[in-house]
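Working notes, beginning with the structure itself.
The values are calculated or read from the model by the stated rules, or taken from the named source; none is laboratory data. Everything numeric in this text was worked out from a predicted model, so none of it was measured. Cβ placement follows ideal geometry from the backbone for every residue including glycine, while neighbour counts extend to all protein chains displayed.
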Amino acid sequence: MQIHPSQSANIILSKIAEFKPKIGLILGSGLSSLANAITQQITFSYADLPGFPVSTVAGHPGQLVLGYLGEMPVACMQGRIHPYEGAPYSAFKTVIRTLKLIGCEILITTNASGSLREDVGPGQLMLITDHINLHPSNPLIGPNDEEFGPRFFAMDEAYDVKLRQRFRTVAHSLNIKLAEGVYLGIPGPNFETHAEIRAFKILGGEAVGMSTIPEVLVARHCGMRVAAVAAITNFAAGMGNEEITHEHTLHYGKLAATDMSRLMTSVLESLHRDPC
């Protein structure tokens, strides 16, 4: 039976007094250190939140950290779940709708991705402008809950135009090179074959990864605005000389984490001063 997100939301709300997060932040592989910059932390293990699958992958601590990043109140998922871990796609409804119920109006998600572009290599950041969904299922299949959103909803502005412009402006001010591209999502856990990468390029993919899209679908369904940034951790299969491993992903994720931390903190400070 599907657990209603209010169960987790009520546990969180009972312990955060008058604190109200405005932004939900999801940290991908190798990027969990960004949560260390959050002040006045209140932390919840996913194991203590009904319906939250527990992370099983290295680089995903599996806890929700609430507090201030800059002066912006945030709810930060320090690590995420993936379908390849065995979590049902429906679990993403519980996780994202919990963020919505505790006050988050915006979802900013990060991930570790392989690059399909020769000019964007490991350690760089890519602002996601759109996506191609190759997951075998969708979290919203099944009865629709009108409490959160309509049966059918548009995805033509999945990644918010104004938020993307804010990321561009802030990255330029910090002298951070921020590429832009289309994210192609697959279920994993295997990395891709050379033939698959050639096919993904033809489809229009510019980065590839195993997460993000299920979260974005649920967030857009319930009216949250979304922005996403990928940390490029490798060239995709057939494009580089290094072996593609999860350890490689974590290594380059950590290298990208410095720029990601600077960018995220400054974007949130900018949104706190001047909401868009």
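Remarks
- Breaking point among (1) at negative phi; (2) surrounded by fewer than 18 Cβ atoms within 10 Å (Cβ to Cβ); (3) among the small types (Gly, Ala, Ser), for Gly204: (1)
- Met126 touching a residue at least 60 places away in the same chain (Cβ under 8 Å), of a type outside the set (S, T, N, Q) and surrounded by 22 or more Cβ atoms within 10 Å (Cβ to Cβ): yes
- Leu250 meets all of the listed conditions (1) of a type outside the set (Gly, Ala, Ser); (2) part of a helix (DSSP H, G or I); (3) surrounded by 17 or more Cβ atoms within 10 Å (Cβ to Cβ); (4) at pLDDT 95 or above but one, namely (4).
- Scoring Pro88 on the criteria (1) surrounded by fewer than 19 Cβ atoms within 10 Å (Cβ to Cβ); (2) touching a residue at least 12 places away in the same chain (Cβ under 8 Å) leaves a single failure, condition (2).
- Taking the criterion of being small (Gly, Ala, Ser), surrounded by fewer than 18 Cβ atoms within 10 Å (Cβ to Cβ) and closer than 21 Å to Pro88 by Cα, the only residue of region 179-199 that qualifies is Gly188.
- Inspection of region 104-119 identifies no residue that is of a type in the set (Lys, Arg) and under 16 Å from the mean Cα position of the chain (by Cα).
- Taking region 19-39 as the range and being at pLDDT 95 or above and touching a helix residue (DSSP H, G or I) at 6+ places or on another chain (Cβ under 8 Å) as the test, the residues that pass are Pro21, Ile23, Gly24, Leu25, Ile26.
- In region 16-42, the residue that is surrounded by the fewest Cβ atoms within 10 Å (Cβ to Cβ) out of those that are over 19 Å from the mean Cα position of the chain (by Cα) and β-branched (Val, Ile, Thr) is Thr39.
- Checked against (1) part of a loop (DSSP other than H, G, I, E, B); (2) at pLDDT 95 or above, Ile108 passes all but condition (1).
- Answer residue from region 52-95, given it is touching a strand residue (DSSP E or B) at 6+ places or on another chain (Cβ under 7 Å) and either of a type in the set (S, T, N, Q) or not in a strand (DSSP E or B) (or both) and is nearest to Ile23 (Cα to Cα) among those: Gln78
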